[in-house]
1. Just to check I understand the Karplus step: with θ = phi - 60° and J = 6.51 cos²θ - 1.76 cosθ + 1.60, what whole-Hz values come out for segment 189-206, glycine and proline as x?
2. Top to bottom by accessible area (1.4 Å), largest first, where do Tyr90, Tyr82 land?
3. Order Asp142, Asp64, most accessible first, counting only protein heavy atoms with a 1.4 angstrom probe.
4. Quick one: which residues, 5+ away or cross-chain, put their amide H under 5 Å from the amide H of Ser143? H built at 1.01 Å from N.
5. Amide H of Ala84: which non-local residues (sequence gap of 5 or more, or other chain) have their own amide H closer than 5 Å, using H built in the peptide plane?
6. Going by amide H atoms built from the backbone, whose H comes under 5 Å of the H on Arg207, apart from near neighbours?
7. Figure the gain on full extension for Thr35 and Asn78 (residue separation times 0.36 nm, minus the Cα-Cα span) and round it to one decimal in nm.
8. Each residue of segment 130-139 in turn: what ³J(HN,Hα) in whole Hz from Karplus with 6.51, -1.76, 1.60 and θ = phi - 60°, glycine and Pro shown as x?
Amino acid sequence: MPLTKDPPPTGVSRKRSRADMDYLRADMQALLDETGEGIRRVQGIVQNLRDFSRIGESEWGWTDLLQGLDSTLNIVNNEIKYKADIVKRYGDVPLVECVASQINQVFTNILVNAAQAIEGRGVVTISAGGDDKGWVWVEFTDSGHGIPKDKLTKIFEPFYTTKPIGKGTGLGLSVSYGIVERHGGRIEVESEPGRGSTFRVWLPVQRSDRRPTTAA
């Protein structure tokens, strides 16, 4: 039986084929663009995680606290973005000798607490600076419900929490206090019911066994 041959393409079929190819090329380019953007986002997340945890760095080292703050904000973004706008007021902050992953954990605990203290939507302001006496400070001010004066002396106690049952372990601020204390620093708190809270973390630029003992 003789083989049949497909009829030669007509002008219409040729135009349709070109249109299909053009569509596929456009669709493929869009897919490649989305893939590239996804890869860049993953790379950014991985870098933020590395900066946050400082993988492989459990020893003391000189650290950029502002970079640590920005990495921490990216990590806890989902905890904050629906609750508060972030305002940054960064001044000149020198490198600080610390265990970076531990200090980033302090930032995390305070930021998450600040967001959870806000009813509805509010603002968390992060300020940072240094003085001429070898100290730096990082301050977190929220527009939340505030803390009664009689509870301010208890907030750093293990398992103490002002949050509803199931909303907190009461360990975040206690752990943060211990970390800052081991770094030779301190945490100060100012709060008033209905007017929000301010947590100020003071750290020595140089680790405590190599600096003057008088704080700013």
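1. Values, residue by residue: 10, 10, 7, 8, x, x, 10, x, 9, 10, 10, 10, 9, 9, 9, x, 4, 10 Hz.
2. Values: Tyr90 70, Tyr82 160 Å².
Greatest to least solvent exposure: Tyr82, Tyr90.
3. On the way: Asp142 15, Asp64 60 Å².
Ranking Asp142, Asp64 by accessible area, largest first, yields Asp64, Asp142.
4. Hits under the 5 Å cutoff: Val123.
5. Under 5 Å from the amide H of Ala84 lie the amide H atoms of Gly122, each far enough along the sequence or on another chain.
6. Glu97
7. Working: separation 43, 0.36 × 43 = 15.48 nm, distance 2.28 nm.
Gain on stretching Thr35 to Asn78: 13.2 nm.
8. My calculation for segment 130-139 gives x, 10, 9, 10, x, 10, 10, 9, 10, 10 Hz in order.
The values are calculated or read from the model by the stated rules, or taken from the named source; none is laboratory data. Keep in mind that this is a model prediction, so the values were computed, not measured. Note: accessible area is taken over every heavy atom of the protein model, side chains too, but ligands, DNA and RNA are not part of it. Shrake-Rupley method; radii C 1.70, N 1.55, O 1.52, S 1.80 Å.
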